[in-house]
Amino acid sequence: MNKDQLGLIEKIRKAEVQQSERWIDYWNDYSHFHTWQFWVVLAMFILPLIVLFLFIDRRKIFQLGFYGYGVHVFFAISDVIGVTRGWWIYPYKLLPVLPSNVALDSSFVPVAYILLYQYTLNKNKNYYFWLLLLCLVLAYFIKPLLLGIGLFQFGGKENFFQLFLYYIIVGLIAKWITDVFLFLSKSNKWSLFRPHQE
């Protein structure tokens, strides 16, 4: 790295440390254990995991878990893009050092998708139709509810349709990646490292 690049990296690092310190101060003032918002966010994190533990189909647990992990990863990425671009913000964090909405990214949304996926598998229903319904509920009911109680805020002119598209894209990518891995797990001929049979 040259001197200019090192200088810029150091400025970015210092800005990130300052931003982290601002979040800690903000959390201590407005989002700590003595606020009702903290307990709502904690419930949004814990309750879906309990529901998942109770109702997940253990015969398909690895497939459902793989799919859910895909939802978590791609939803977290879309949320990070939205937050860092200033399109939206979550004013209340579970902890100041965690990503801005770990409750939605790591629990509430992935569990909703997993249970939907499980339903479509077990009942032989059309995944894409039910995904569309789930995304409508998340974008046009859950997010407006969070907006109304102050747990979510737009940063500008963005709208719920944009969120709806993100939900659809996440559901499609997670499903398609899961389908690819299921296909590969059932097909030995695609393996480059499969030992040759004599």
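The values are calculated or read from the model by the stated rules, or taken from the named source; none is laboratory data. Since we're looking at a predicted model, the values are computed, not measured. Ideal geometry is used to build each Cβ from the backbone, glycine not excepted, and the neighbour counts take in all protein chains shown.
Can you pull out every residue in segment 47-85 that is over 19 Å from Leu172 (Cα atoms), assigned to a helix (DSSP H, G or I), among the β-branched types (Val, Ile, Thr) and in contact with a helix residue (DSSP H, G or I) (Cβ under 7 Å, 6 or more places away or on another chain)?
Hit for segment 47-85 is Val51, nothing else.
Name the pairs whose Cβ atoms lie under 6 Å apart, with the first residue in segment 173-198 and assigned by TED's automatic domain parsing to the domain that holds Gln63 and modelled with pLDDT of 85 or more, the second surrounded by 12 or more Cβ atoms within 10 Å (Cβ to Cβ) and assigned to a helix (DSSP H, G or I), and 6 or more positions between them or separate chains?
Qualifying pairs under 6 Å: Ile173/Phe74; Ala174/Tyr67; Ala174/Gly70; Ala174/Val71; Ile177/Gly70; Thr178/Phe66; Thr178/Tyr67.
Restricted to segment 24-42, and to residues that are of a type outside the set (Val, Ile, Thr) and over 12 Å from Leu94 (Cβ atoms), which residue is surrounded by the most Cβ atoms within 10 Å (Cβ to Cβ)?
The residue in question is Tyr26.
All but one of (1) among the small types (Gly, Ala, Ser); (2) under 27 Å from Trp36 (Cβ atoms); (3) touching a residue at least 40 places away in the same chain (Cβ under 8 Å); (4) buried (at least 16 other Cβ atoms within 10 Å of the Cβ) hold for Gly155; which doesn't?
Of everything listed in (1) among the small types (Gly, Ala, Ser); (2) under 27 Å from Trp36 (Cβ atoms); (3) touching a residue at least 40 places away in the same chain (Cβ under 8 Å); (4) buried (at least 16 other Cβ atoms within 10 Å of the Cβ), Gly155 misses just condition (4).
Among the helices (runs of 4 or more DSSP H) confined wholly to segment 90-172, which include 3 or more residues that are hydrophobic (A, V, I, L, M, F, W, C) and under 17 Å from the mean Cα position of the chain (by Cα)?
It comes to 109-122, 127-137.
Looking at segment 1-21, I want the residues that are within 23 Å of Pro96 (Cα to Cα) and have a partner that is assigned to a helix (DSSP H, G or I) with Cβ atoms under 6 Å, at least 6 apart or on another chain. Which pairs are those?
none
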